[in-house]
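Just so it is clear, none of the values below were taken in a lab; they were calculated from the coordinates. Note that the structure is a prediction, hence the values are computed from the model and not measured. Neighbour counts are summed over all protein chains in view; Cβ atoms, including those assigned to glycine, are modelled from backbone coordinates with ideal geometry.
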Amino acid sequence: MTKKSRLPETLNICLTSHRFPILSRATDHGFLWPIAKGLAKEGHKVTVLAASSPLKKPEVTRDGVRVLFLHEGAKNLSHMNFQMAVRQRFAQLHKEDPFHLVHSIDKSGYRIGSRKKEFHVAMAYDVEATQMSQLFAILAMKQDTLGSMITTALATTYKFLTTYYGGDRRLLSTADGIFVTNPQQRIILERYYLYPDYHTYTVPYGIELGDLTPKEKSLELRKSLGIPENAHVAVSITDMTDVQELLPLLKAFEKVAIKKPNSYLLLVGNGPKYKDIEYQVLNLALGNRVVMTGAVPATELEDYIVLGDVFVNMGSRTTGFEPSTLEAMAQKKVVLGSEVSPIANIIEDGRDGFLLRPADVESMSNLLVEIFSGTMPADEIGDRARQKVVDLFDTPKMVQATLEAYSKILLNTGLYKKH
């Protein structure tokens, strides 16, 4: 039996993620950066293995964090499958200065995990490494009819079985701990995936909101989009990969447009189904009332969010918090979210936002009319939404919670004992 070492005070941590934007805005997976920076600030050694850098540099060291972009530079790694490249580079670095723990944000660390005993390293994953988000997408389509409930139950079971036996079970068997961002994921991990709850750690580090100061509406942007000054605006950000996901919102807005002729819907984004969505907009005779912006640079997204009175996000294809929704809350917007998405764990329905079934056209249109009519205390709801986000996503708090989880994960491996 190997003698247990004392739990080290200074950890050598390896983070792996296919994408690791350093210069991104808050809404682009950028939550990783403040966590890595925070860990380094606490005196721990942090190395990140990522795929490619917009700057095309193979290595960047910033704020005490060393980031290696494996698909830049080194010929032997750049043509290799990313998981393989991660394992190879990790093995090299591990030989020079052994890591205590690997935290894989997606599946990229799996090949290290499958050899963790050989490496004598603890292995943690984010829940995003599993295919759980596909279950959320199916659950979102459920309607209140018996047929729909049965169909949804069958589809969920089928999807779960194919993803679980098609890779998730193998991945989870290599994990010493899993990070989730909300209680819903935790329950699904235990109930469906039979993953022990005591190895699951909830840290809501799904986002860094950067500068939280409320911004002024840009009159220039409003003008360029052709939206009149006194108009009511609902904003939704979409990747336009699924027409069905947007259809209930368009149908709800059709009813709103009749009752409130000075209301506009701003659809921000581009994607493969752009033309199909445009067809639906024209079909519902909403041509001049729905503004489809096309692709918008990440740095300008916030200006579009600020332009709205309401922010609508009925998407449920993610398991984590959707950054733009949180950003809308931070900007004091009234948010309409899906009751089957993780945002349901943050929004208290009717108090700091509203939660709806994605297919509930009637409730959506009634709410929008109420907000646009001024019969609802929108300012109070917006203030409470902002406060909720500011309290919840406090970076120093998240760094501490991550470190506590790392300590527990290391102790659970049996390789270490407490001081």
Give me the extension gain from SER218 to LEU282: residue separation times 0.36 nm, minus the current Cα-Cα distance, reported in nm with one decimal.
20.3 nm
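Using 0.36 nm per residue of separation minus the Cα-Cα distance, give me the extension gain between TYR198 and GLU9 in nm, one decimal.
Roughly 65.8 nm would be gained on extension.
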Using a 7 Å offset from the Cα along the Cα-to-Cβ direction at both GLN244 and LYS259, what is the distance between the two label points in nm, to one decimal?
2.8 nm
Hey, fewest Cβ within 10 Å first, where do GLU404, GLU216, GLU254 land in order?
GLU216, GLU404, GLU254
Grab the Cα-Cα distance for VAL390 and MET292, subtract it from 0.36 nm times how many residues apart they are, and report the gain in nm with one decimal.
32.2 nm
Cut-off under 5 Å, modelled amide H: who pairs with VAL334 long-range:
PHE311
Once amide H atoms are placed 1.01 Å from N in the peptide plane, what residues at a sequence separation of 5 or more from VAL291, or on another chain, have their amide H within under 5 Å of its amide H?
LEU265, LEU266, LEU267
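With the cut-off at 1.5 for a/c, could you classify the range 219-392 from its C-alpha gyration tensor as rounded, prolate or oblate?
The shape class here is rounded.
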